[in-house]
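**Q** Following this message is one structure expressed as structure tokens.
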Amino acid sequence: MVTLQALEDAWRVYMRCADRLCNIYVERSLWQPPQREVRLRTDAFQDARRTLLALAKPLSYEEAWYVPTKVLNDEAAAARLQWLTGARQSGVAAWLLRTLRALLARTATASNPATTAWAVCNNADSACAASDAASTALSLCLAALCTARSVQDWAATAPHAAALLDPALLTALAQAARAMADLARHTALPGTQALVGATRSPRPTAPGCAKACARLSLAASQAFSTVMLLIDKHVEGCGRAPAGCDKTPAGRTQPLPEPVPALAEALRESGLAAAAARAILTCPGVQFMLMKGQAPRCAVAVPEALEPLNCSAPAWNFLVALSSFWQPGIALRNDPRPGAAEAAEALGEALGDHEVAELRAAMLETLWEQAGLRPGGEGELRLNEAERTALCRAYERTCQDREDLHIRIVAVTVGLWHGAYQGMLYIEGGGVLPPLLDETGVPSDLPLARRTARSAEAVCRLHRGQGMWGQYGRLDLSALPHGRLHLFFVDKGLPPFVWASASAPHWAEAVAWALVTAVEALARNLPEPDGAEVLEEPFAALLAAVAVAGALASAERVAHNLRAAWRFMGAAKDPAAASSAGREAVLTRLRCAGLGPSLDHALRLAYAAADRAAAPGAAGWEAQVACLLEPVPARVLAVVEQLGLDLLAPTSGPGGARPGPGSGPLGLGDAGGLAVTVTKRALALAGRLEAGATAEEEAETKGVPPGTVAAEDGESAAAAVPPPASIRAGPPQPSHAAALQHSVAAALPVPRPGPGAWGPLASELEALMLQAGSRLAALAGAEAAADVGGPTGLASSRLLGNCLAYLNVLRRTSEDGSPLMEARLLALQPHRLAAAACKLLCAWRDPAAATPQGAAGAASKDGDQKAPARPAPTVSWPNVMPRVSMALARMAEHSPHLASRVRSWLLPPPANSGDCEAGAVADGGDAGEARTGGAGAAELGARGCLAQAWPLAMRSRAAAAAGKEDYAAVGLALLRAAQEGSGGGESGRGGSGDGSSDGSCPSAERFRQAAATLLQWLAVRERGEQGPPTALVAHLLSPRRGEDSGLVAAKEAAEATVVAAPLPPLLAPPAAGRVLTQLLVCGAPGCGSFGSRSEAEIPLKRCGGCRAVRYCGAACQRAHWRMGHKDECGAMAAALVLRVEGGG
């Protein structure tokens, strides 16, 4: 290590040579100095400078540094103190003060219009030499001071900091930087250049002054960065608010460190930040990572002789200094200790200067331009290999250091503006950036919202690799600490009126872009779903998962606030507010950001993460990612519900605008792709639950304990599609099951478009969603009935009620006897929906009438023991009873085939199945469709599934408590009509007995007519019209002898039997209801492929036989073939032909 004496000698030689060089230009300022003497003194100064730099190199000190120096051990700390001691004992601080003050006089003389040509040249040359010498000396001293170790060793560092950061020296530095910037601008004027051009000086004045300005701007920005670093570390060392919190710990007794208010006051009084900003905007401008052909945004031309680091380091240091203001600015503003408020005010005034704001605006505009949001030049430019390599190295370095340029720019521009707007920190003037051309005369919060949205879009574009002319590669922003991603909580702290103002669409767009960025970062940091890639450093994936969770939470808050604002605007009837901040204005901006596809992508990533975590041999980080993403389904669907995103919508026009109704064919809307993803997941979950229920029933029949069921043969085991691992591993987590149920429930009550707009894609999406929803609804309803006091009962009843309601809508809006509608209705498994509804109605008990121990249990004959009592439910099922009654009546009204099926469900199965009724049921509804033995068994197994449950449900306490007596009466009348047609009542009352034209049984036709008559009577009653019913209706509404006989205990026992009974088996619906010609989705039940951004991006291939089903891979195709597609492929092909020929 070099000795202290050698350091002092080197500093003294350097200062003496610098003074001699500066003086030669002003010794005879009115004429040209002797060039030989100039060269000698210049060479001597350069030799002294090289000697000083050689001594600094082992300590990693250099002139153009832009990040704090790292001190790794005590030896390096001792060397740092020795360097500072050598500078202090040799009088560097005093020399700097004297040199910078002398520079002011020389720049003033050179800028004076009355000065002669040679006086301008000589004083400018002297000022340039002084700037060069002072900036080098100050940079090398600050390199040893700008380190976290300075605060740790503050007792030893304080004397050196007091000398180098003395208010007088900082003031002189600021004045010199401002004076040099003014001189550079003055010498760049055409008149000044014409004046000095006549002297034919060997040193061009304008480039020399621009270079000196850049060197001095570097020293000023480094001093600014050093002051902010020391303040930040001192505040951190004495305790401050945690990241993301605007409150400091209460009850602290440790006083505020003395350097904090002193440095803050020195920064304000000196005006250093504003002077550094002006010098940077003069030369070299905002030049960090500047692309080829991009404007540097500086007032004078950058000289070619300026080193690259001297071009980029000034703005970098200024950016680092502004970034360091975040934490101490928040902490000091909320610190009750003496001196904290004054320090916060001083910092806010220093950073609120208009010249600082201009530099921040230039940084932000540079970011936009680099992202391709503004033209950066003309023509198509391409980087050569050396330039591209240098750019890649720059990106690699910044990502490794986690000091990413673009996120910092957002944080110190719109981030500080937003922080001041929220009141988190204080900046004079509110941190406002200079207005753009289109921001004059607009409300104060609108420019902030616009720039936040534009900046979020810029970050997302750079993240995707969409930089200028395609020259940027992808930026891995997910490797940054989450606390720096200020875009993920821009909505926090905004006042409620914002969401009803013209800035609401832009705030919502900013949150959407932040979500897109986080989701795409997570997708790139997760391994391929089907690959064997192993992540050695999963930290980026965990950070990206945290970012996705935070962005989704922000999106949910914004959606909630927007919905409340829309309701308010609707109540206030304000057309102006509705046009600028209404739902359509917001959704237009959200479509530009791609919110819908991003929500779909996030949902698929959450499903894929859950599957990967549940797979055998999953790593610990995979379980952590799945845990972080567990709330994603519920949050995604909450956003969809709050914003009212459409499943189907006309094709988007230019700029994301939607044409009016009836202006074009329907496509998938904002939530269309998400609906396909949810439906696919719901079908897999329903299949797993149905298979588990069937296995448990078979186990009970054979006397095998539950949970020990194994496949009977290898063929049946191989035939099943392997469901996703998270579903296959065991019962789904409550949150996942609830989210899936809620997702289908939220998507169902979507209004149907007009008849002219309803096309194949809309019909297929609706059919697939209803199939998934109905299968889940039946399972959820049965589970809720078995646990009536559980927390999911109300949600399950709503899901079941929505499915039944939509079944009524389908039937009411279709033509009578339509084979396609019949196939779609049967695909919804209506008998299972009705059975689940009956279970809910039978399970309900009035909570007010329940005993403290619960509902009364059945006592044993000896009275010593009682059966376990069921818990008293806390919810009722108000919508289930009328909807299930209407559903069966409308299905029976549709066609004789469906009427025959409904009768078979209501009546006990006959002793033989050879009668006309059994033949009608077994025929299925699609003429010529092949049926397998398994399908026939399912059809027969469904007969009589409602025989016991239906009358008990229609007479249950829940039916009476619902206040829908007419619907219960229709349900019972429907049962009587079915019984009379089978010989159980008066013959001839139910219809003409002629039979029907399609060959169905006369009893089925009479039952259909009875159902139609009952629906007509009910419609009259709903309209409030009075009058006696028809003879047929009166007959069917009349109770039969002995219908409602029996003790209450016997009825409760029968209801308990209904609740405990399994759901009827699944029907094999006709192929016409499952043909998909337009909707892109894998047709294999249980498919768990969620690796792509959406289902439409998966490379699906059609079945070579029927061309009516698509698959994501050979595994799904083989599994579906073994599950039964082998037997139905021909029928599916025939149904596809009929669909195409019919135009559907």
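The values are calculated or read from the model by the stated rules, or taken from the named source; none is laboratory data. Quick caveat: nothing in here was measured; it's all calculated off a predicted structure. Cβ placement follows ideal geometry from the backbone for every residue including glycine, while neighbour counts extend to all protein chains displayed. Only protein heavy atoms, including side chains, enter the accessible area calculation; ligands, DNA and RNA are left aside. Shrake-Rupley method; radii C 1.70, N 1.55, O 1.52, S 1.80 Å.
**Q** So, residue 939, is that one closer than 16 Å to residue 905 by Cα, in a helix (DSSP H, G or I) and modelled with pLDDT under 80 or not?
**A** yes
**Q** Of all residues in the range 65-122, how many are in contact (Cβ under 8 Å) with a residue 60 or more places away in the chain, part of a loop (DSSP other than H, G, I, E, B) and among the β-branched types (Val, Ile, Thr)?
**A** Number satisfying all stated conditions: 4.
**Q** Would you check if residue 591 is within 26 Å of residue 460 (Cβ to Cβ), open to solvent by 30 Å² or more (accessible area, probe 1.4 Å), modelled with pLDDT of 90 or more and within 16 Å of the chain's Cα centre (by Cα)?
**A** Yes: the conditions hold for residue 591.
**Q** Are any residues in the range 807-843 over 39 Å from the mean Cα position of the chain (by Cα) and either among the hydrophobic types (A, V, I, L, M, F, W, C) or under 30 Å from residue 1055 (Cα atoms) (or both), and if so, which ones?
**A** 820, 831, 835, 838, 839, 841, 842, 843, listed by residue number.
**Q** Output yes when any residue across the range 378-385 is at pLDDT below 90, open to solvent by 20 Å² or more (accessible area, probe 1.4 Å), farther than 27 Å from residue 207 by Cα and part of a helix (DSSP H, G or I), and no when none is.
**A** Taking every residue of the range 378-385 in turn, at least one turns out to be at pLDDT below 90, open to solvent by 20 Å² or more (accessible area, probe 1.4 Å), farther than 27 Å from residue 207 by Cα and part of a helix (DSSP H, G or I).
**Q** Of the residues that make up the range 75-82, is at least one surrounded by 21 or more Cβ atoms within 10 Å (Cβ to Cβ) and among the acidic types (Asp, Glu)?
**A** Checked against the condition, which is being surrounded by 21 or more Cβ atoms within 10 Å (Cβ to Cβ) and among the acidic types (Asp, Glu), the range 75-82 yields no hits at all.
**Q** Can you confirm whether residue 983 is over 30 Å from residue 1136 (Cβ atoms), modelled with pLDDT under 75, assigned to a helix (DSSP H, G or I) and not aliphatic (A, V, I, L, M)?
**A** Criteria met by residue 983.
**Q** Given the criteria part of a helix (DSSP H, G or I), closer than 27 Å to residue 770 by Cα and open to solvent by 20 Å² or more (accessible area, probe 1.4 Å), does residue 1021 qualify?
**A** Here the answer is no, as residue 1021 does not meet what is asked.
**Q** Name the residues in the range 194-216 that are in contact with a helix residue (DSSP H, G or I) (Cβ under 6 Å, 6 or more places away or on another chain) and in a helix (DSSP H, G or I), would you?
**A** The answer is 195, 196, 205, 206, 208, 209, 210, 212, 213, 214, 215, 216.
**Q** Six or more apart or on different chains, Cβ under 7 Å: which pairs go from a residue in the range 1-15 that's surrounded by fewer than 18 Cβ atoms within 10 Å (Cβ to Cβ) to one that's part of a loop (DSSP other than H, G, I, E, B)? Could you list them?
**A** 12/90
**Q** Do we have any residue at all in the range 606-629 that's within 15 Å of the chain's Cα centre (by Cα), assigned by the TED database to the domain that holds residue 549 and assigned to a loop (DSSP other than H, G, I, E, B)?
**A** Yes, the range 606-629 contains a residue that is within 15 Å of the chain's Cα centre (by Cα), assigned by the TED database to the domain that holds residue 549 and assigned to a loop (DSSP other than H, G, I, E, B).
**Q** Any residue in the range 558-573 that is modelled with pLDDT of 85 or more, polar (S, T, N, Q), on the phi < 0 side of the Ramachandran plot and open to solvent by 10 Å² or more (accessible area, probe 1.4 Å)?
**A** Yes - at least one qualifying residue is present in the range 558-573.
**Q** Output the residues belonging to the range 47-73 that are closer than 16 Å to residue 145 by Cα and either buried (at least 19 other Cβ atoms within 10 Å of the Cβ) or of a type in the set (S, T, N, Q) (or both).
**A** Correct list: 56, 59, 60, 61, 63, 64, 65, 66, 68, 69, 71, 73.
**Q** Please find, among 166, 153, the residue that is at pLDDT 90 or above and among the acidic types (Asp, Glu).
**A** Unique residue meeting the criteria: 166.
**Q** Going through the range 1054-1068 one residue at a time, which ones are of a type in the set (Val, Ile, Thr) and in a loop (DSSP other than H, G, I, E, B)?
**A** Answer for the range 1054-1068, where residues must be of a type in the set (Val, Ile, Thr) and in a loop (DSSP other than H, G, I, E, B): there is none.
**Q** A further question follows. Looking only at residues that are open to solvent by 50 Å² or more (accessible area, probe 1.4 Å) and of a type in the set (A, V, I, L, M, F, W, C) in the range 16-46, which one is nearest to residue 96 (Cα to Cα)?
**A** Once the filter is applied, the top-ranked residue is 40.
**Q** Of everything in the range 141-159 that's open to solvent by less than 10 Å² (accessible area, probe 1.4 Å) and over 44 Å from the mean Cα position of the chain (by Cα), which residue is farthest from residue 230 (Cα to Cα)?
**A** The qualifying residue farthest from residue 230 (Cα to Cα) is 141.
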